[in-house]
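Taken together, the values in this text are just the output of simple stated rules run on the coordinates, not laboratory data. No experiment lies behind these values; they were computed from the predicted model shown. Because the Cβ atoms are built from the backbone with ideal geometry, glycine has one as well, and the counts that use them run over all protein chains shown.
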Amino acid sequence: MLQVETEDVYADMRKSAKEYDFSDYPKGHPGYSTENIKVVGKFKGECCSRPITEFVGRRPKMYSILEASGGNIRKAKGVQRTVVKKDLRHELYKQCMDERKELKHKQIVIRSHVHQMVVYE
């Protein structure tokens, strides 16, 4: 487990501001800047200055963020939005990480292949 301790994370980020896109932060925030708006390759704050309590990252584009306010941001590329919204919880991401557990969920998808409608399960 990695823990980051700092007096002011935003002061640390401002030291290398050219690497970040602060455009989605509130206008009154000390880190707010319009310098790197939507520039490809710049780091972007997922929570836009809202404090993060816990982050669990299984792999790129599959992670869960627990906010201090109690909110939760969950992403899972290739998984249907309804499954992410209804079935995946922060605790499941954490359990998979800690216990090296694999989670499977059945999805039914309708796709077109060579102009033929196909149902995949």
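Scanning region 48-72 for residues that are surrounded by 12 or more Cβ atoms within 10 Å (Cβ to Cβ), among the basic types (Lys, Arg) and not in a loop (DSSP other than H, G, I, E, B) returns a single hit, Arg58. Check whether at least one residue in region 23-44 is more than 30 Å from Gln80 (Cβ to Cβ) and touching a Gly at 6+ places or on another chain (Cβ under 6 Å), and report yes or no. The answer is yes, given that some residue of region 23-44 is more than 30 Å from Gln80 (Cβ to Cβ) and touching a Gly at 6+ places or on another chain (Cβ under 6 Å).
Screening Ser33 with (1) surrounded by 15 or more Cβ atoms within 10 Å (Cβ to Cβ); (2) closer than 27 Å to Arg74 by Cβ; (3) of a type outside the set (Val, Ile, Thr); (4) without any contact (Cβ under 8 Å) to a residue 24 or more places away in the chain gives one miss only, at (2).
Checking every residue in region 73-80 against the condition of being free of Cβ contacts under 8 Å to residues at least 60 places away in the same chain, more than 30 Å from Val119 (Cβ to Cβ) and surrounded by fewer than 13 Cβ atoms within 10 Å (Cβ to Cβ) gives zero matches.
Per this entry, Gln95 is not counted among residues that are in a loop (DSSP other than H, G, I, E, B), out of contact with any Ser or Thr (no Cβ under 8 Å at 6 or more places or on another chain) and loosely packed, with under 15 Cβ neighbours inside 10 Å. Under the condition of being surrounded by 14 or more Cβ atoms within 10 Å (Cβ to Cβ) and assigned to a loop (DSSP other than H, G, I, E, B), the residues counted in region 13-28 number 4.
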